[in-house]
1. Under a GNM of chain B (C-alpha, springs under 10 Å), which listed residue has the highest mean-square fluctuation: B:51, B:139, B:213?
2. Quick check for me: using +1 on Lys/Arg Cβ and -1 on Asp/Glu Cβ, what's the dipole size of the protein assembly as shown about its Cα centre, in debye to the nearest 20?
3. In deg cm²/dmol, rounded to 500, what helix-only [θ] at 222 nm does the protein assembly as shown give when every DSSP H run of at least 4 residues adds -39500 (n - 2.57) and the total is split over its residues?
4. How far apart, in nanometres, would the label points at residue A:343 and residue A:2 be if each is projected 7 angstrom from Cα along the Cα-to-Cβ direction?
5. Farthest toward the dipole's positive end in the range A:16-255, which of A:217, A:147, A:51, given Cβ charges of +1 (Lys, Arg) and -1 (Asp, Glu) about the Cα centre?
6. To the nearest 20 Debye, how big is the dipole of the range B:258-378 about its Cα centre, given +1 on the beta carbon of each Lys and Arg and -1 on that of each Asp and Glu?
7. What's the local net charge at residue B:88, with K and R +1, D and E -1, over the other residues with C-beta under 10 Å away?
8. For a quick check: sort A:223, B:311 by the number of other beta carbons within 10 angstrom, fewest at the front.
2 protein chains.
Amino acid sequence: MKKVSLLAPGPTPVPPRTLLAMAQPLIHHRSADFQEVIGKVRAGLKKLFQTQNEVLTFCSSGTGAMESSVANLLSPGDKAITVSGGKFGERWALILKAYGCTPVEILVPWGQAVNPADVAKLLKDDPSIKAVYVQALETSTGVDHPIEELAQVTKNTGAVLVVDAVSALGAYPIPVDQWGLDVVLSGSQKALMLPPGLAFASIGPKALEMMKTSKCPKFYFSWAKELKSQGENKGAFTSPVTLFMGLLDIFAMLDEWGMDKVYAETVIRSKAFKAAVKAWGLDLYSKQRPSVALTAVQCPENIDGQKVVKWLKDKYGIFIAGGQDQAKGKIFRVAHMGYINEFDTLQAISAIEMALKGLGYAFEMGSGVAAAQKIFGEN
Amino acid sequence: MKKVSLLAPGPTPVPPRTLLAMAQPLIHHRSADFQEVIGKVRAGLKKLFQTQNEVLTFCSSGTGAMESSVANLLSPGDKAITVSGGKFGERWALILKAYGCTPVEILVPWGQAVNPADVAKLLKDDPSIKAVYVQALETSTGVDHPIEELAQVTKNTGAVLVVDAVSALGAYPIPVDQWGLDVVLSGSQKALMLPPGLAFASIGPKALEMMKTSKCPKFYFSWAKELKSQGENKGAFTSPVTLFMGLLDIFAMLDEWGMDKVYAETVIRSKAFKAAVKAWGLDLYSKQRPSVALTAVQCPENIDGQKVVKWLKDKYGIFIAGGQDQAKGKIFRVAHMGYINEFDTLQAISAIEMALKGLGYAFEMGSGVAAAQKIFGEN
């Protein structure tokens, strides 16, 4: 009987109409009907990524797409810059090492954004560096890295810029062609409001060129195979039919609603939530460039962030996220992207107030709700 | 308005109750609730695979699991036997080459099964061969390879036996521990009646030992990572939550119905369909060890198998499969596994009769239906 409310930064709630679209009888993945579906999904992805590049689809989590951007661009021994400013940034270095490549890690303190000048200097000092791997939004810290500026830095070098936008794409605009982003990755379970299981990769001309000389092994995640197959509206391997049907429905919804409105509403929810945090006398964990897609809140000294998460889950059926690795226990994170509205955000704020009070934090109950209501009322 | 009927060897129809189970609001993939789900799925998989081995789950198509069995067992330069007796058997060699390994290909004519003595001889002549890669059921030809016998052959050698049972597992018994199968792979979209997107790998002690020395790169498909995570009822990466919920429901159905009954009914549908083929005066494409999971039919000389497939799809909304690669146009394939009953099989037989007649094949209309009815009536 307990209502479930998903307010963690992925998976986000799936709209009921999309759940039912995915509950229709399956069609065959090698039929003309499904080719038509793939064609529409490809067009929808290009529109969302704001690109003329091909946007490939993989049946995997976002990590599969991350791995594909190493396996298809590099060769063993190659050097690449990775921006380690959170759990997902650190993952780049792990993947590179798994493939015998050498990460040149920029260690950004968690909660801060990378300085593009640091990347520029490394690229200038070592022209053999083949790529820069970075998150648009580092989900573990709630920080946006300066992607547009990084593209300016890599533009006139031999290095490609690879952007993990799994939790960013669809939450705020990432105009791939306008910014000149070589590779942009994303996933189905964040702003695209679908269950996990689809990952995406837009691949620009510079990356296509580098791909030709890559010697790392790849098969399931081979870009060359999928560029050929998906270029003909086919999947090289069995496509996750259900998620494609869901994505078609999501694109129809986004078209009706309009991406400008989607982006604007995400901003308002983020503002409202961040105003609540301030009203509680708490700070953001994201010291620089806090994202609109989610808010990472620094817990009061004597309160365990994991307990806040557990309180919401056990008492109210509300899923928010705690901290990961070095941030575990110190923070909690709430999403503003996807199929949620102002009352979902107010619900999260109410619930967190009740948890903080229950866990012994001294503040004025209702102050966060009031601060957020004010923002929503003004917009 | 046209009813859709999926009778191709995957994806197979998903039971309506399972579609609705998957249409429930998502729960968070890093919650205690979902850990419980993973725990139940792991237990269900062990029961289905009839094994005490860990059965890992990946978010990918079956090919991802195939690739994982190369990346996690071998090192570049290693030799392995592959059984090329159809499209999926040939895929092993492609994956091995992608990883810098050397396939020792046994070229089995399409429609035939591998002779275990050929494998035994190769292993004896070259003890450096590290693995034997084979399909339980070669889906492209409808042939079962002799897995139990192959396990006898590999048992006392240094080589592991890796069995792709994507279209076999759940259609007929594959007792992993009793037969001593080192690695068995499967997928969600065949006898497990789910949409595509989950792949499985059971990993026995000999394979776990070989895994320790493997030097091929892996990250997303890393067995070591997933053994650790899934051993704690977690996924190393974001789990496809919806498919897990679906699999829980499928296991509940299979428990109610009983696997003995599932296997027995699959056999009867296969017998009935094969009796119809005989009544039409046609031959099976599978000259040896035709599978019960599907039937591959050799088309009459002057009839294009692709046209039969298209006729059923366009006129009746029925999806069966054509031939692949060298068998394209020469055959059509109909599945007997999963959520189908005797009337689905009779429907396929009726439809094929109408297509064959329409395409100019001379035979007695209704003869296949009658032959199948007889089998169903007797059982």
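1. B:213
2. Charge dipole of the protein assembly as shown: 0 debye, to the nearest 20.
3. -13500 deg cm²/dmol
4. The answer from the label model is 2.2 nm.
5. Selected residue: A:217.
6. Working: 16 positive and 12 negative charges, 45 e Å.
It works out to roughly 220 debye.
7. Working: positive: B:87, B:91; negative: B:90, B:138, B:164.
It works out to a net charge of -1.
8. Neighbour counts put them in this order, fewest first: B:311, A:223.
Each reported figure results from applying straightforward, stated rules to the coordinates on display, with no laboratory input. Since the model is a prediction, treat every value here as computed from it, not as a measurement. Using ideal geometry, Cβ is built from the backbone for each residue, glycine included, and neighbour counts are taken over all protein chains shown.
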